[in-house]
1. Could you estimate the translational diffusion coefficient of the stretch 273-425 from the Stokes-Einstein equation, with Rh from the Kirkwood formula over C-alpha pairs, at 25 °C and 0.890 mPa s, in whole µm²/s?
2. Out of residues 5 or more away from residue 89 or on other chains, whose amide H comes under 5 Å of its own, with H placed 1.01 Å from N in the peptide plane?
3. What ranking do 353-363, 122-132 get when scored by the average of other Cβ atoms within 10 Å per residue, highest first?
4. Spin-label point model (7 Å from Cα, Cβ direction): what's the residue 248 to residue 209 distance in nm?
5. Calculate the FRET efficiency for residue 354 and residue 104 from the Cβ-Cβ distance with a Förster distance of 35 Å, rounded to the nearest 0.05.
6. Students often get this wrong, so try it: which of [x] 22.8, 85; [y] 22.0, 79; [z] 22.7, 73 is Rg and Dmax of the Cα atoms in Å as calculated from the structure shown?
7. How large is the direction-averaged shadow of the alpha-carbon convex hull of the stretch 8-139, in nm²?
8. Roughly how far apart, in whole Å, are the Cα centres of the stretch 166-217 and the stretch 329-408?
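Just so it is clear, none of the values below were taken in a lab; they were calculated from the coordinates. All figures in this text were calculated on a predicted structure; none of them were measured in a lab. For neighbour counting, all protein chains shown are included, and Cβ atoms are generated from backbone atoms with ideal geometry for every residue, glycine included.
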Amino acid sequence: MIPTALSEWLHAFRIYSHPRVLGMLTLGFSAGLPLLLILGTLSFWLREAGIDRSTIGYFSWIGLAYGFKWLWSPLVDRLSLPLLTRLLGRRRAWMLLSQITITIALIGMANTDPADNLTQMVFFALAVAFASATQDVALDAYRIEAVAPRLQGAMAATYQAGYRMAMILSSAGVLWIAAAMDPSETTYDYSPWCIAYLIMAACMAVGIITTLIIREPEVPINLLISENEDRARKKISNWNLSNHLTQILVWFYGAIIAPFRDFIVRHGQRALLILALIAVYRISDVVMGIMSNSFYVDMGYTKDEVATVAKVYGIVMTLVGVAIGGVLTAKVGIMRTLFLGALLSAATNLLFAWLAGRGHDVTGLIFTISADNLSAGIATSAFIAYLSGLTNSAYSATQYALFSSVMLLLPKFVAGFSGNFVDTYGYANFFIGTALLGLPVLILVWLAGKEKFDTAEK
């Protein structure tokens with residue numbers, strides 16, 4: 001009996017040997033690498049270079065590119081690129097173009113000293129952000145289309161594993177490299193950061209090589225998409241337009257209007273409450289996170305301490321939280337886990353206010369990071385499950401881009417003023433304020449649960 005059960009489990013794990021599932025590990029790495037290089041890690045570099053906190057806060061608005069990716073996601077979903085699409089296919093073409101752009105822009109960042117040319121740094125960081133957001137859209141579409149539904153869980157798992165490994169490299173790895181090359185921790189030196197970012201640019205080769213190796217998914221046009229475009233074609237044909245213009249308008253409707261119309265039709269007036277919840281659910285963590293690296297610098301933590309505790313150990317605790325969140329979601333439901341995650345994410349920000357009064361305290365930092373990242377993992381796990389349940393498979397790429405964009409817009413905008421707030425009121429009040437931002441989230445989760453938006457709990 002035991003050998004049979006063990007054999008069944010071993011057979012089940014063979015799902016991870018599927019070539020496309022394995023490919024998502026390196027594609028997830030390619031997706032996760034750029035994010036912190038233009039946000040958290042960059043803010044550490046900027047602060048060490050003597051850039052004031054207010055400017056660093058405004059720098060976080062670069063991340064708004066991820067919040068607006070829904071605007072061009074229909075183009076990535078449906079538009080063919082000259083030559084590249086013919087050679088690689090639509091998904092791989094967009095992935096390769098975005099990966100090459102990220103690589104070039106990271107090289108540009110590496111060769112820019114923010115202490116001398118902050119404007120140029122903004123330009124290259126924006127290029128990384130827009131290309132990275134585009135890569136996310138293409139990768140989401142590829143992930144959904146590349147395998148059968150039974151493999152989607154394994155695809156998501158390997159994608160997240162690769163993504164988190166890249167986050168360790170782009171945060172702790174960069175700090176370790178810069179620290180190893182830095183002749184002094186007390187004075188700013190541009191060269192170590194240049195070397196670290198050049199290495200990160202080289203690491204994008206992992207995604208580029210994978211994109212060139214994998215096969216383009218062969219997906220037939222969804223029946224719902226065909227029906228919607230046929231209805232649109234019949235209506236537009238009555239306008240007596242040229243055939244070419246009619247085709248353009250039909251494509252525009254199918255690629256851009258239909259995905260958003262589908263979401264509104266399915267949820268009606270409840271769509272506004274759903275979008276409001278998505279818009280603010282991560283606001284406590286996102287706003288707090290922008291100033292966290294500046295906080296570490298101002299509290300006297302070294303690059304090695306931040307890399308080891310806040311980055312490597314912190315990401316491990318996040319993964320533990322994700323695992324716990326997955327179990328809680330299955331046992332008590334998505335909405336209850338959403339509420340718990342929101343409550344813990346806001347409450348643990350108060351630990352940073354406590355830490356601000358202790359100065360350089362590594363033990364206190366470990367305790368704070370443990371609680372904060374564990375709660376963030378629980379919240380993230382439940383939130384991804386919630387977003388996935390809202391998506392129509394016919395428009396999965398565009399609608400998921402919409403949800404993930406809305407999730408970041410307001411938090412990133414508010415985070416831009418975080419430096420001004422810290423300069424005026426101090427770190428302790430700032431962290432208390434970010435905790436209070438979580439109170440409206442709890443109300444929205446309660447309302448969403450009361451209305452039973454989550455299909456898993458209907």
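1. It comes out at roughly 150 µm²/s.
2. Counting only residues 5 or more places away or on other chains, the set is empty.
3. 122-132, 353-363
4. 4.3 nm
5. It comes out at approximately 0.20.
6. Recomputing Rg and Dmax of the Cα atoms in Å here gives the entry labelled [z].
7. If you wrap the Cα atoms of the stretch 8-139 in a convex hull and average its projections, you get 10.6 nm².
8. Centre-to-centre distance over Cα atoms comes out at 26 Å.
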